[in-house]
1. If packing is taken as the average count of other Cβ atoms within 10 Å, what order do 98-107, 71-80, 126-135 fall into, highest mean first?
2. So how many Å³ per residue does the convex hull of the Cα atoms of region 74-140 work out to?
């Protein structure tokens, strides 16, 4: 009886482990199958909700993460405030997605805090099979 319970426990544990691995692989596969535009819109949603720059690190390219890591801890909060202030945009829309050797360049539009239409360009790069935010620039 005890051996049967142990066998059931081991079997159930193995099944749960396989389901967990399957879910992880499914999430990774879904991320790798999304377009640069879909990834960017997901990033924008995360950016709007973020309270610290650390929450955005998973979306950022290595170069951007290195720049943040090099920022003194005391200055990170100020830097994040500046990022939030400069990127206070609404009605963000992607008008064009152009493939590049590194990933894609997105042409985007939005409305700034002064209710003026702005245009932007966003480089979205592939790093280790995943989309990441590279350079982002906005202008009136």
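Quick note: the coordinates plus some simple rules give every number you see, no bench work behind them. Values in this document were obtained by computation on a predicted structure and should not be read as measured data. Here the Cβ is made from the backbone with ideal geometry for all residues, glycine too, and neighbour counts use every protein chain on show.
1. The packing order, highest mean first, is 126-135, 98-107, 71-80.
2. Normalising the Cα hull of region 74-140 by residue number yields 100 Å³.
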